[in-house]
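Asks: Okay, here's the structure, questions in a sec.
The values are calculated or read from the model by the stated rules, or taken from the named source; none is laboratory data. Model, not experiment: these values are computed from the prediction. As a convention, Cβ positions derive from the backbone with ideal geometry for all residues, glycine included, and neighbour counts pool all protein chains shown. Just the protein is used for accessible areas: all its heavy atoms, side chains included, with ligands, DNA and RNA removed. Shrake-Rupley method; radii C 1.70, N 1.55, O 1.52, S 1.80 Å.
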Amino acid sequence: MTDLIERHDIEQFDDHGGHETNPHDDHEHHGPSGLLKWLTSTDHKVIGINYTVTSIVMLVVGGALAEIIRAQLVSPTSTLVSFAQYNQLFTMHGSIMIYLFAGPFAFAGLANYLVPLQVGAPDMAFPRLNALSYWLYLSGVITMVLSFFATGGPAAFGWVGYAPLTSAVNAPGVGPDLWIGALLLTGFSAIFSGVNLVATIFYLRAPGMTLFRMPIFTWNMLVTGILILLAFPVLTAALVMLYCDRHFGTHIFEVQGGGVPLLWQHMFWFWGHPEVYILALPFFGMVSEVIPVFSKKPMFGYKGMVFATLTIAALSLGVWAHHMFTSGAVLLPFFSIMSLLIAVPTGIKIFNWIGTMWKGQIQYTSAMLFSIGFVITFLIGGITGIFLASPPLDFFTHDTYFVVAHFHSVVMALVIGAMAGIYFWGPKITGYKLHEGWGKAQFWFLFLGTQVFTFPGYWLGLKGMARRMAVYPNNPSWQTLNDWSTVGAIMIGISTLFLIINFIVSWRKPIPAGDNPWDASGLEWFTSSPPPHHNFLSLPPIRSERPTWDYHHPEHPALGHGDHVSGHAEEKVSN
């Protein structure tokens, strides 16, 4: 990291009043190429692409498992898979989507690529640790996938791994051990990524890039990195304890030896609820970058968005036991109130997104459509989460499909947000745009498919259909609702095919994007597409949270974006 800090110390002003990072940086970088480059590089951009591609592959794998689950539920007495295989399917589907896609795509994939660019840094603070993080993640992916080929099959106790279902007696074989190993590997990967994010944002910001001039995405990644460092060590410790229970007879979670099974739930959800926002905050940041650009307005309530993010992070550490209302072992009023409170800063974000779009000159690009779809879908998931924060309602719905539908509204919102990020920053990463026609077709199938998939689940839950069941009572209304949910899942699968087709079409018939195709405002859009090895040949003056906009539109400086920029904007005009 010392080398990178020194790199900032030698910056010089260019003719435009900006910062020239190094007068010799216009040389082409000489290093490994081809496969060797991808295997050995410590460049944050290469590592970010590695993470992104791997996580999208996991999205496809996890989605394929979901299609099999929905095919099983088309009929009340379907025999497509056995009960044991069904348990394995929903365990591995949840594990792959949560541990191997949603988190790594957001806080390791796009964040790796974008954060140094957004703060004007040449790389992450610890490049070799960054590379190690990816290889640990890939090792976890391989370990998890290999469990499908283990004797007895993969883990079958649910992605939450509740004790005592995970004991050596109830879950024998190597499959559960591979599940534990995969989570340990990806957990350490996440911790190292969190260290890198926090260090990079605090220590490698370009001159002029104060905290309240950082993009919302970078702010969200800073808070996400801190949450990772607080939450993931708890899960890692719980997994080590579980492994010791299975192999060394420690009985930490086993009643027979004096252990407490409920301790696993406390440790898992102390990680698990901050994890919900570790997953969500990066996607909040993505749409917070997209919506202002295609509304042709600055973000409404910039500081309010920042403080809402900080409030969400603080409250997320005190709501874990709302997952345990039915255990009878937690203080219901406290955790209910805390769970209701966390809806307030989330509501502020939604209000600010709407305020940004209000009376804006909205361009309905694929990225903007996905961002609007994210807001709507996450709002649905958030409102139904408020119901679950009430203990009496949670008692009624806890083990029903209502919770499945709520959770999938939230997670599918993140998938929709991920697509917004791909379509928005794809041109920066590759230098080429994705095809808008295919992108909009994908949006409508994904957005409508998500609603068709989740809404029957809410209804089924209120009718009493239990979750995690391979068969259900032969009730005609239940089967009809399940069939509709399966139709929604098929629509989501078709949308994934559209994404793959779009990649192929855009590769065969590339559309050059230019350095800033959206006329965006963040610092990442000031450099070339794709960026050079150390990101920037020069930097513009950073006098607001919109430095690229200020540089290219001196007649419309960032006046009125907040008290922290108005004076500097006047200075820009005088220059």
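Asks: In the chain, carbon and sulfur make up what percent of the accessible area (probe 1.4 Å)?
Replies: So the carbon and sulfur contribution to the accessible surface is 69 percent.
Asks: If you don't mind, there's one more thing I want to ask. Figure the gain on full extension for residue 556 and residue 317 (residue separation times 0.36 nm, minus the Cα-Cα span) and round it to one decimal in nm.
Replies: Details: separation 239, 0.36 × 239 = 86.04 nm, distance 4.16 nm.
The span from residue 556 to residue 317 would gain 81.9 nm if fully extended.
Asks: Additional query: Largest first, what is the accessible-area ranking of 555, 436, 524, 254 with a 1.4 Å probe?
Replies: Result of the area sort, largest leading: 555, 436, 254, 524.
Asks: On a 0 to 90° scale, report how tilted helix 476-508 is relative to the longest principal axis of the chain, with both axes built from alpha carbons and the result rounded to the nearest 10.
Replies: Roughly 30 degrees, rounded to the nearest 10.
Asks: At most 15 other Cβ atoms within 10 Å plus a DSSP loop assignment makes a site exposed; report the longest stretch of the chain without any exposed trypsin sites (Lys or Arg not before Pro).
Replies: The longest uninterrupted stretch comes out as 1-295.
Asks: For an R0 of 41 angstrom, estimate the FRET efficiency from the Cβ-Cβ distance between residue 483 and residue 212 and round to the nearest 0.05. Walk me through the numbers on the way to the answer.
Replies: On the way: r = 51 Å, r/R0 = 1.25.
So the FRET efficiency works out to roughly 0.20.
Asks: Under 13 Å from the Cβ of residue 311, count the other residues' Cβ atoms, weight Lys and Arg +1, Asp and Glu -1, and hand me the total.
Replies: In short, +2.
Asks: What distance in nm separates the simple spin-label points at residue 511 and residue 354, each placed 7 Å from Cα in the Cβ direction?
Replies: 3.1
Asks: Kirkwood Rh over alpha-carbon pairs of the chain, then Stokes-Einstein at 25 °C and 0.890 mPa s: what D in µm² s⁻¹, rounded to an integer?
Replies: So the translational diffusion coefficient is about 100 µm²/s.
Asks: Please arrange 312, 386 by accessible surface area, largest first, computed with a 1.4 Å probe and ligands excluded.
Replies: Result, largest first: 386, 312.
Asks: Take the eigenvalues of the Cα gyration tensor for the range 419-567, scale each by 5, and report the square roots as semi-axes in whole Å, largest first.
Replies: Rounded to whole Å, the semi-axes are 45, 21, 12.
Asks: Still on this structure, please answer the following. Any chance you could run the full-extension gain for residue 363 through residue 396? It's 0.36 nm times the residue separation minus the Cα-Cα distance, nm to one decimal. Please report the intermediate quantities before stating the final value.
Replies: Numbers: separation 33, 0.36 × 33 = 11.88 nm, distance 4.35 nm.
Contour length minus the Cα-Cα distance gives 7.5 nm.
Asks: Which FRET efficiency, nearest 0.05, do residue 436 and residue 150 yield, Cβ-Cβ r, R0 41 Å?
Replies: 0.40
Asks: Right, something else. Putting +1 on Lys and Arg Cβ atoms and -1 on Asp and Glu Cβ atoms, find which of 512, 265, 95 reaches farthest to the positive end of the dipole of the range 48-569.
Replies: Of the options given, the answer is 512.
Asks: How many Lys pairs in the chain lie less than 12 angstrom apart by Cα atoms, where the lysines are 8 or more positions apart or on different chains?
Replies: Pairs that pass both the separation and distance tests number 6.
Asks: If I fit a long axis through the Cα atoms of helix 343-357 and take the longest principal axis of the Cα atoms of the chain, what angle between them do I get, 0 to 90°, rounded to 10?
Replies: The two axes meet at around 40 degrees.
Asks: In Å², and per residue, what accessible area does the chain have when probed at 1.4 Å with the other protein chains present?
Replies: Per-residue value: 39 Å².
Asks: Oh, and also: Based solely on its DSSP helices, what 222 nm [θ] is calculated for the chain when runs of n ≥ 4 H residues each add -39,500 (n - 2.57) and the sum is averaged over all residues, nearest 500 deg cm²/dmol?
Replies: Computed mean residue ellipticity for the chain: -21500 deg cm²/dmol.
Asks: Could you give the length gained by full extension between residue 251 and residue 169, i.e. 0.36 nm per residue of separation minus their alpha carbon distance, to one decimal place?
Replies: Full extension of this stretch gives 28.3 nm more.
Asks: Quick check for you: which residues of the range 489-512 have the amide N under 17 Å from the point 7 Å beyond the Cα of residue 444 toward its beta carbon?
Replies: Backbone N within reach: 491-499, 502.
Asks: As a test of reading the structure, rank 322, 435 by solvent-accessible area (1.4 Å probe, protein chains only), most first.
Replies: These residues rank, largest area first, as 435, 322.
Asks: Please give the helix 261-295 orientation as an angle from the longest Cα principal axis of the chain, in degrees from 0 to 90, rounded to the nearest 10.
Replies: Roughly 40 degrees between the two axes.
Asks: Can you give the longest run of the chain that contains no chymotrypsin sites (Phe, Trp or Tyr not before Pro) sitting in a DSSP loop with at most 12 other Cβ atoms inside 10 Å?
Replies: Working: sites that count: 358, 364.
Value returned for the longest uninterrupted segment is 1-357.
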